[in-house]
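Enquirer: Have a look at the structure that comes next, please.
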Amino acid sequence: MKVIHTVSELRAELDSETNVGFVPTMGALHDGHLALIELAQREADVVVVSIFVNPTQFTDDQDFAKYPRTLAADIERLESLTKTPDILFAPSVDEVYPDGIGQPLAPRAGALGSVFEGVSRPGHFEGMLHVVSWFFQAVRPQVAVFGAKDAQQLFLVKRLVHREFSDQIRIVEAETVRSQSMLALSSRNSRLSPSGLAAAPVLFEAMVNAEELITEGIAPSIALESARKQIESQPLAKLDYLALVNKENFAPIADDFSGLAQMLVAAVVDGVRLIDNISFYIQEQE
């Protein structure tokens, strides 16, 4: 595995390659990231993993400061894999933002950038899409792998690829990797106390219970309300949002919806903000 810090070095390594896979990360690697890498290795001949904590997608300076930066440990973990990625691309902030991070970002998120995650994190998606576009231009992958846990991000990245890259990058959605308690793996989980770790699985449990109610014929709005009450009954959990959307267009769904739905949840658990989602098919009611 080669560790590279500049675009010029990266292009020198990749210009002769024709089937490049890309896995973008912000480091603090866990088993979920490793699953993305394994998937990319099945989809491409050469795999590039990036590590970059992007300042423009943090709306809270304290959150940015607290985000774990463990590059040395991440390199060690990657090098211990049976099959390592071919390149670890870890650019500096100056490499990604040569004109400084105070420059206005191109508007890419649109209306979808101001709902759900966008409400609690204004500007987050503009920063995320800016840096994803930058990495796509630097790496020039044929395939890129993103985790399903960040549902709104994934939808916006797919739209970015359509609008700016003419669908020339194939986006692969990797299934969310979960702990034994079914908590979605996240770098933020390291900040949970033991009591927080015990409380956090209520997010997934409530969504699954709501899915079961809907499958039994209960109206989605009633099932959602039941899930809200379940989450709010956990003293350490402060619910941000819980919603059902059409996975095809991310629009909220009505009780008469049929098709592929996605349930989204965000909550602050023991002081740590967590997100999760599940997808399932809602049958047309007779």
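Rule-based calculations on the coordinates, nothing more; no lab input. Note that the structure is a prediction, hence the values are computed from the model and not measured. We place every Cβ from the backbone using ideal geometry, glycine too, and count neighbours over all the protein chains shown.
Enquirer: With Cβ to Cβ distances under 12 Å as the rule, what net charge do the other residues near residue 13 carry (K, R +1; D, E -1)? Write down the numbers at each step before the final one.
Expert: Values: positive: 2, 11, 140; negative: 9, 15, 17, 86.
With Lys, Arg at +1 and Asp, Glu at -1, the neighbours total -1.
Enquirer: DSSP loop (so not H, G, I, E, B), at most 14 other Cβ within 10 Å: list which GluC sites (Glu not before Pro) in the stretch 175-269 pass both filters.
Expert: On the way: sites: 175, 205, 211, 212, 216, 225, 232, 248; in loops: 175, 216, 248.
Here the sparse-neighbourhood loop sites are 175, 216, 248.
Enquirer: Scan (1) 18; (2) 26; (3) 53 for the value of percent of Cα pairs over 32 Å apart calculated from this model and give just the label.
Expert: Label (2) holds the value from this structure.
Enquirer: OK, next. Quick one: which residues, 5+ away or cross-chain, put their amide H under 5 Å from the amide H of residue 17? H built at 1.01 Å from N.
Expert: Amide H neighbours of residue 17, under 5 Å, 5+ apart: none.
Enquirer: In debye to the nearest 20, how big a dipole does the chain give about its Cα centre with +1 on each Lys and Arg Cβ and -1 on each Asp and Glu Cβ?
Expert: Working: 23 positive and 39 negative charges, 94 e Å.
Here the size comes out at about 460 debye.
Enquirer: Run lengths n ≥ 4 of DSSP H only: what is the helix-derived mean residue ellipticity at 222 nm for the chain, with -39500 (n - 2.57) per run over all residues, to the nearest 500?
Expert: Computed mean residue ellipticity for the chain: -11000 deg cm²/dmol.
Enquirer: Would you calculate the separation in nanometres between label points at residue 209 and residue 195, each defined as 7 Å from the Cα along the Cα-to-beta-carbon direction?
Expert: 2.1
Enquirer: Please work out the C-alpha center-to-center distance from the stretch 53-67 to the stretch 148-186 and express it in whole Å.
Expert: Here the two parts' Cα centres lie 20 Å apart.
Enquirer: 7 Å from Cα along Cα→Cβ at both residue 69 and residue 225: what's the point-to-point distance in nm?
Expert: Between residue 69 and residue 225, the simple spin-label model gives 4.8 nm.
Enquirer: Of the listed peptides 99-106, 138-145, 195-202, what is their order by residue-averaged count of other C-beta atoms within 10 Å, with the highest listed first? Please list the in-between numbers first.
Expert: Details: 99-106: 9.5, 138-145: 22.4, 195-202: 18.9.
Most protected by this proxy first, the peptides run 138-145, 195-202, 99-106.
Enquirer: Can you tally the net charge around residue 39? Count Lys and Arg as +1, Asp and Glu as -1, for every other residue whose Cβ sits under 11 Å from the Cβ of residue 39. Display every interim value, and only then the final one.
Expert: Numbers: positive: 42; negative: 38, 43, 173, 175.
Value of the local net charge: -3.
Enquirer: Can you sort 126, 95 by how many other beta carbons sit within 10 Å, fewest first? Intermediate values should be presented prior to the final figure.
Expert: Values: 126 21, 95 16.
So the residues, fewest neighbours to most, are 95, 126.
Enquirer: Compute the separation of the alpha-carbon centres of the stretch 9-26 and the stretch 248-278 and state it in Å as a whole number.
Expert: 33
Enquirer: Please list, ordered by chain and number, the residues whose modelled amide H lies under 5 Å from the amide H of residue 278; skip anything fewer than 5 residues away on the same chain.
Expert: Residues meeting the criterion, in which the H sits 1.01 Å from N, are 263.
Enquirer: Further, regarding this structure: Going through the stretch 200-286, which chymotrypsin sites (Phe, Trp or Tyr not before Pro) have at most 12 other Cβ atoms within 10 Å and a DSSP loop state?
Expert: Details: sites: 204, 241, 250, 257, 280, 281; in loops: 250, 257.
When the chymotrypsin sites (Phe, Trp or Tyr not before Pro) of the stretch 200-286 are filtered for loop state and at most 12 Cβ neighbours within 10 Å, nothing remains.
Enquirer: Give, in nm to one decimal, the length gained when the segment between residue 164 and residue 95 is fully stretched (0.36 nm per residue of separation minus the Cα-Cα distance). Can you show the working numbers first?
Expert: Working: separation 69, 0.36 × 69 = 24.84 nm, distance 2.15 nm.
Stretched out fully, the residue 164 to residue 95 stretch lengthens by 22.7 nm.
Enquirer: What distance in nm lies between label points placed 7 Å from Cα along the C-beta direction at residue 45 and residue 76?
Expert: 3.5
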